[in-house]
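Taken together, the values in this text are just the output of simple stated rules run on the coordinates, not laboratory data. Quantities reported herein were computed from a predicted structural model and do not represent experimental measurements. So basically every Cβ, Gly included, is an ideal-geometry build from the backbone, and we count neighbours across all protein chains shown.
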Amino acid sequence: MITARQFRPGAIINYNGQFHEVLEAQHHKPGKGGAFIRVKLRNLVTGSIVSMTLRPEETFEEVFVENKQMQYLYKDDMGYCFMDEATYEQIHVSAETIGEKVEYLKENMVVLVKICNGKILGVEPPIHVVLKIVSTEPGCKGDTVSGATKPATLETGKVVKVPLFVEQ
């Protein structure tokens, strides 16, 4: 068990039967009244962020999450296949579990998989991902005053905004 006073960013707790990661925890002691803790929690299943105020003595169940480095292999009808680099064991993860980060996955990429009690909570790709631009429109000079962008499709299918000078 962990009290709200012991919250640190990155800690995983069980709140209302779901796993949440502590994003922020600020201890406040007003001049009048008791102290309280303002926290921001991110639901590891849905990704939604909740802000709340807690008393410092409130207790929560702390969840221990194992972070494994795995290699993304391929996508098939069962989901996304990852391989444990140490044991060569392969697991399949659904697109719902990965969320919007699936658009940054590239074959043979090493990612961090969060596992708790044998259940996969999520996948974290590297901070910097180099992807090739597959298609983009040619940019026309003189259309705008400043900060002009155009859509570009990456090799994973994600569409991003890029400056006019960027080409395939």
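Assorted remarks:
- With a threshold of 23 Å on the Cα-Cα distance, the over-threshold entries among 106/158; 68/106; 40/158; 40/106 are 40/158; 40/106.
- Panel order for 109, 1, 70, by other beta carbons found within 10 Å of each beta carbon, from fewest to most: 1, 109, 70.
- Read-out P(r) over Cα pairs in 5 Å bins from 0, in percent, derived from the coordinates shown; its label in (i) 2, 9, 16, 19, 21, 18, 11, 4, 0, 0; (ii) 1, 9, 18, 22, 22, 17, 8, 2, 0; (iii) 1, 7, 13, 14, 12, 12, 11, 10, 8, 6, 4, 1, 0: (iii)
- Cα lying deepest toward the dipole's positive end in the chain, options 163, 80, 133, charges on Cβ: 163
- By the rule of a C-alpha distance below 13 Å, with chain neighbours fewer than 8 residues away ignored, the aspartates and glutamates paired with residue 75 are 103, 107.
- Fewest-first sequence of 19, 165, 36 by Cβ atoms within 10 Å of each Cβ: 165, 36, 19
- Centroid-to-centroid separation of the stretch 107-135 and the stretch 1-34 [C-alpha atoms, Å]: 27
- Placing pseudo-labels 7 Å out from each Cα toward the beta carbon at residue 129 and residue 27 gives an inter-label distance of 3.8 nm.
- Karplus-derived 3J(HN,Hα) values for the stretch 48-65, using 6.51 cos²θ - 1.76 cosθ + 1.60 with θ = phi - 60°, are 6, 10, 10, 9, 8, 10, 10, 7, x, 8, 5, 10, 9, 7, 7, 10, 9, 10 Hz; glycine and proline are entered as x.
- For the chain, the 222 nm mean residue ellipticity estimated from helices alone, with every DSSP H stretch of n ≥ 4 adding -39500 (n - 2.57) and the total spread over all residues, rounds to -500 deg cm²/dmol.
- Spin-label pair residue 49/residue 92, simplified geometry with 7 Å Cα→Cβ offset, distance in nm: 3.4
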